[in-house]
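Engineer: One structure coming up, written as structure tokens, with questions to follow.
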Amino acid sequence: AGQNRNIWNTTGCWAINLVSSPGSGKTTLLESTIKRLGERGFHKIAVIEGDQHTDNDAGRIRNLGIPAIQINTHNGCHLDARMVSSAFDELAVKDTLLFIENVGNLVCPAMFDLGESKKVVIVSTTEGDDKPLKYPHIFQEADICVINKIDLAPYLNTKVEVLRENALKVNHHLQIFEVSATKGDGMDAWCDWLQTESAKCK
């Protein structure tokens, strides 16, 4: 992880580690983010995708014209720094916003530093508002919490304000964004943050 950090600092790359349970909408959020940043003229983006099997998610990102490398962990439940280092070598990019989409899991990825600048935990309203209390470690380790699928909250028993409160109970330093990756709600604030933070490493 330390070597990754040094390499990314040297090459002007700013890496964020996206962690969540399966089905939270990580890849959809990533697609929506890439499109919105592209509309702003921000195209220096690369993606490392982590899944146990298939290259479906990397294919979705490549369809947007963004370089993406798929890592298949097979029986593994998380990415590690060595896997990410090999994928980054293959990407061969610099001065880039690097997204690392981890394997869908709220337990194992919390325990592994990949060398990222920020860890972002994504939780969707469809998962209920008690996820931070049931899986506190990953929220404790995160810098940012993105609450996704807020457009579905009126149709669920989930209360977005309770989900936010529970996340802050676990980690009161969390910066929280409430978004709908499909409808666009809250995406401008999320993309503003990405552009501002990534510019700091230049």
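Engineer: Applying the selection to region 127-148, what residues are open to solvent by less than 20 Å² (accessible area, probe 1.4 Å) and in contact with a Gly (Cβ under 9 Å, 6 or more places away or on another chain)?
Structural biologist: Scanning region 127-148 gives VAL146, ILE147, ASN148.
Engineer: Consider VAL103 against the criteria (1) assigned to a loop (DSSP other than H, G, I, E, B); (2) out of contact with any Gly (no Cβ under 7 Å at 6 or more places or on another chain): it satisfies all of them except one. Which criterion is unmet?
Structural biologist: (2)
Engineer: Can you tell me which residue within region 1-51, out of those that are open to solvent by 10 Å² or more (accessible area, probe 1.4 Å) and among the acidic types (Asp, Glu), is farthest from ALA68 (Cα to Cα)?
Structural biologist: Applying the filter and picking the extreme gives GLU39.
Engineer: Another question, if that's okay. Would it be correct to say that THR196 is under 19 Å from LEU29 (Cα atoms), in contact (Cβ under 8 Å) with a residue 12 or more places away in the chain and open to solvent by 70 Å² or more (accessible area, probe 1.4 Å)?
Structural biologist: Values: under 19 Å from LEU29 (Cα atoms): yes; in contact (Cβ under 8 Å) with a residue 12 or more places away in the chain: no; open to solvent by 70 Å² or more (accessible area, probe 1.4 Å): yes.
Taking the combined requirement at face value, the residue does not satisfy it.
Engineer: Kindly evaluate THR158 against the criterion of being β-branched (Val, Ile, Thr) and in contact with a Ser or Thr (Cβ under 7 Å, 6 or more places away or on another chain).
Structural biologist: Answer is yes for this residue.
Engineer: Filter region 90-126 down to the residues that are of a type in the set (Gly, Ala, Ser) and open to solvent by less than 20 Å² (accessible area, probe 1.4 Å), then identify the one that is modelled with the lowest pLDDT. Quick ask: steps written out before the conclusion?
Structural biologist: Residues of region 90-126 that are of a type in the set (Gly, Ala, Ser), as a first pass: 92, 104, 110, 115, 117, 124.
Now drop any that are not open to solvent by less than 20 Å² (accessible area, probe 1.4 Å), which leaves 110, 115, 124.
On the way: ALA110: 94, GLY115: 97, SER124: 98.
Per the stated criteria, the residue is ALA110.
The values are calculated or read from the model by the stated rules, or taken from the named source; none is laboratory data. Bear in mind the structure is a predicted one, so any value in this text is a computation, not a measurement. When we count neighbours, we look across all protein chains shown, and the Cβ atoms used for this are built from the backbone with ideal geometry, even at glycine. Only protein heavy atoms, including side chains, enter the accessible area calculation; ligands, DNA and RNA are left aside. Shrake-Rupley method; radii C 1.70, N 1.55, O 1.52, S 1.80 Å.
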